[in-house]
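Read-outs throughout are calculated quantities, based only on the coordinates presented, and are distinct from any laboratory measurement. Every value quoted in this text rests on a predicted model; they were computed, and no experiment measured them. Using ideal geometry, Cβ is built from the backbone for each residue, glycine included, and neighbour counts are taken over all protein chains shown.
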């Protein structure tokens, strides 16, 4: 189960980390930022498919079980990732290249949109009593680990290959490797059992009282608002930040990749600890602490990297960002599914989470590059992060109940 999640998020994240190389392979080079913006736009458009993936795959998870939905999501991700690694470049097939790239990314987005809610529900319902935060935190850890492995792969390739080799074929290697390992992980996932909580709920056909929209409106809106900070921070501070350090701080692709790998390693190590602590002390204190930490750190962090032009400073800043994200990612998966009833949990948590990531997170790297260009300031993306953090802080403070010690319905 965990290996498959790691590889799915490796497949999803490697695109953003290799965006500069992908832009040169799939788009005509008309202007300094045009191809990069087009590549990041494709990254963002793929997120539009995530709510649809949540609707379809999440619905499958609620109707037929968590296991078949997880198997289908993993299969689609492996297929899409393999396709990206094999699509010919723009100079060979012209405009068909970016079209095929877009189709593959949309398929990845569809898969990821369903994966999150179904996997969160599976882990929550399989967890021992009093350890739901700890169990579900491993989903966040696998997201960070997959992204970290993607960063390490990009950095390793950048260290071993010349710029010409990376541009010609090196960027394709992680996609082909990820697809192959994904098929192995899919085979392993086929051995998991359905959760006892889901089996019991399906036997009783127990749902919350009232029409579906009455049941899911309040928790759905809460999850949507809660996710804004989470998704913007991840996609700006983890996915966009390597682009920022290369373009604004003079780091090489390898240095930027290793720095991001450090950030994700910190997230992986801290997330289970924070998840376990949230079982004892509640989810809300750690969520609020994360929002406040980002509000305090983000402007000084970007400014310090910009003005010192130092790898050491980049490492320090990304380490601090990693701690702030871990505070949210530990209890985060549990919160997204604890608010819903069992037979609503997979679909509606997926849709709520996916709508927020599609609206605010998927286009975050694109928005960051666009803001930098439009306002002629490399610090412009900070405003987007601050606005996201303030939004989620308000939702948590005023609308989110404490769920850590409530029974799973």
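Helix 66-86 against the longest principal axis of the chain: what's the angle in degrees, Cα atoms only, rounded to the nearest 10? For helix 66-86, the angle is close to 10 degrees. Over region 34-182, Cα pairs under 8 Å with separation of 6+ residues give a relative contact order of 33 percent. By the count of neighbouring beta-carbon atoms within 10 Å, fewest first, 281, 328, 240 end up ordered 281, 240, 328. Given [x] 47, 26, 19; [y] 33, 25, 18; [z] 36, 21, 20, which label gives semi-axes √(5λ) of the Cα gyration tensor in Å as computed from the coordinates? It is the one labelled [y].
Here the peptides 140-152, 330-342, 171-183 are ranked by packing, the mean other Cβ count within 10 Å, and the order with the highest first is 330-342, 140-152, 171-183.
Counting other Cβ atoms within 10 Å as a rough exposure proxy, the listed residues 231, 203 run 203, 231 from fewest neighbours to most.
Take every pair of alpha-carbon atoms less than 8 Å apart whose residues are at least six positions apart; their mean separation over the length of region 107-237 yields a relative contact order of 21 percent. Relative contact order, whole percent, for region 2-398 stands at 29, derived from Cα pairs under 8 Å and 6 or more residues apart. For the chain, the longest principal axis of the C-alpha atoms and the axis of helix 364-374 are separated by about 40°.
Estimated from helices alone, the mean residue ellipticity of the chain at 222 nm is -26000 deg cm²/dmol (sum of -39500 (n - 2.57) over DSSP H runs with n ≥ 4, per residue). With angles folded into 0 to 90 degrees, how steeply does helix 381-398 sit against the dominant principal axis of the chain? Use alpha carbons for both and round to 10. Approximately 10 degrees, to the nearest ten. At full extension, residue 200 and residue 394 could sit 66.2 nm farther apart than now, given 0.36 nm per residue minus the alpha carbon distance.
Listed from fewest to most Cβ neighbours within 10 Å, the set 264, 195 follows the order 195, 264.
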